[in-house]
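Read through the structure below, which is laid out as structure tokens, and then see the notes.
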Amino acid sequence: QVQLVESGGGLVQVGGSLRLSCAASGGTFSSYTMGWFRHAPGKERELVSVISPSTFSTYYADSVKGRATISRDNAKNTVYLQMSSLKAEDTANYYCAAATTWLSAMRNQYAYWGQGTQVIVSS
């Protein structure tokens, strides 16, 4: 069983930056694909970015490509999401999740989820 705890959310101005962190415990972190998803009011939960377990291959949604960087530190059991040039439409609850499927973009393949951290981008 993997437990995930996100942090780093908050209120940020349009054009600003932030870094989200997700600390994992209770499993072999280095064996999991890690993903960041977000859920905005009135919208479906959507994939933001994914990073593979050991080769650190990455995938980004078109909506954040060029503005987001996902990374992980397997020694610290932590995955990060750095976002810049934030837009109002980035406002959402951000969740990290763990999957055993390599570089999965499918939400239903993620077995473990954190409780989320809220990001509000205001002008």
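Quick notes on this one:
- Cβ separations smaller than 9 Å between residues 6+ apart or across chains give the following pairs from region 68-86 residues that are farther than 22 Å from Ile120 by Cβ and small (Gly, Ala, Ser) to residues that are open to solvent by less than 40 Å² (accessible area, probe 1.4 Å) and outside any loop (DSSP other than H, G, I, E, B): Ser71/Ile51; Ser71/Val79; Ser71/Tyr80; Ser71/Leu81.
- Summed over region 91-104, the residues that are over 12 Å from the mean Cα position of the chain (by Cα) and either surrounded by fewer than 17 Cβ atoms within 10 Å (Cβ to Cβ) or free of Cβ contacts under 8 Å to residues at least 60 places away in the same chain (or both) give a count of 5.
- Here Gly35 qualifies as within 16 Å of Met106 (Cβ to Cβ) and in contact (Cβ under 8 Å) with a residue 60 or more places away in the chain.
- From the options Ala88, Ala40, Ala68, residue that is open to solvent by 50 Å² or more (accessible area, probe 1.4 Å), of a type outside the set (Lys, Arg), touching a strand residue (DSSP E or B) at 6+ places or on another chain (Cβ under 8 Å) and more than 23 Å from Val2 (Cα to Cα): Ala88
One line per residue, one yes/no per condition, for (1) of a type outside the set (Ser, Thr, Tyr); (2) in contact with a Phe, Trp or Tyr (Cβ under 9 Å, 6 or more places away or on another chain):
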position: Tyr59; (1), (2): no, no
position: Gly66; (1), (2): yes, yes
position: Asp73; (1), (2): yes, yes
position: Gln82; (1), (2): yes, no
position: Tyr94; (1), (2): no, yes
position: Asn108; (1), (2): yes, no
position: Ser123; (1), (2): no, no
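The values are calculated or read from the model by the stated rules, or taken from the named source; none is laboratory data. Worth saying up front: this structure is predicted, and the values here are computed from it rather than measured. Because the Cβ atoms are built from the backbone with ideal geometry, glycine has one as well, and the counts that use them run over all protein chains shown. What goes into the accessible areas is simple: the full protein's heavy atoms, side chains included, and nothing from ligands, DNA or RNA. Shrake-Rupley method; radii C 1.70, N 1.55, O 1.52, S 1.80 Å.
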